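Heads up: the structure comes next, in structure tokens.
The values are calculated or read from the model by the stated rules, or taken from the named source; none is laboratory data. Since the model is a prediction, treat every value here as computed from it, not as a measurement. All Cβ positions, glycine included, derive from the backbone under ideal geometry; neighbour counts span all protein chains shown. With ligands, DNA and RNA removed, areas are computed over all heavy atoms of the protein, side chains included. Shrake-Rupley method; radii C 1.70, N 1.55, O 1.52, S 1.80 Å.
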Amino acid sequence: MTRDLDRSRPIWRQVAAIIEARVADGTYPPGSRVPGIVELSAEFDIATSTAQKALAYLRTTGVVRTELGLGTFVADRN
């Protein structure tokens, strides 16, 4: 599902907020894989660097974790 993004605000923050909302509402439960950079780029019609920045932010805030060669997953909230 593609959403219209507000081009007057940082796109990466909006994408990160959408993913966070999906985690919160259970669309992406703990341990599940979240879309990768290419998938996010296609879904939101954004540059891969923008999608990469959104995922990097979510990693630093502990929302997701990345396993090299496997993908990005929702972090367990223990």
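Just the number please: accessible area per residue for the chain, 1.4 Å probe, all protein chains included, in Å².
61
Mind putting a number on the dipole of the chain about its Cα centre? Charges go on the C-beta only, +1 for Lys and Arg and -1 for Asp and Glu, and I need it in Debye to the nearest 20.
220
What percentage of the solvent-accessible surface of the chain, computed with a 1.4 Å probe over protein heavy atoms, is contributed by carbon and sulfur atoms?
Ligands and nucleic acids excluded, carbon and sulfur reach 53 percent.
Rounded if a/c is under 1.5, else prolate if a/b is larger than b/c, else oblate: which is the range 4-45, with a ≥ b ≥ c the root eigenvalues of its Cα gyration tensor?
oblate
For helix 11-24, report the angle its Cα long axis makes with the longest principal axis of the Cα atoms of the chain; keep it between 0 and 90° and round to the nearest 10°.
40
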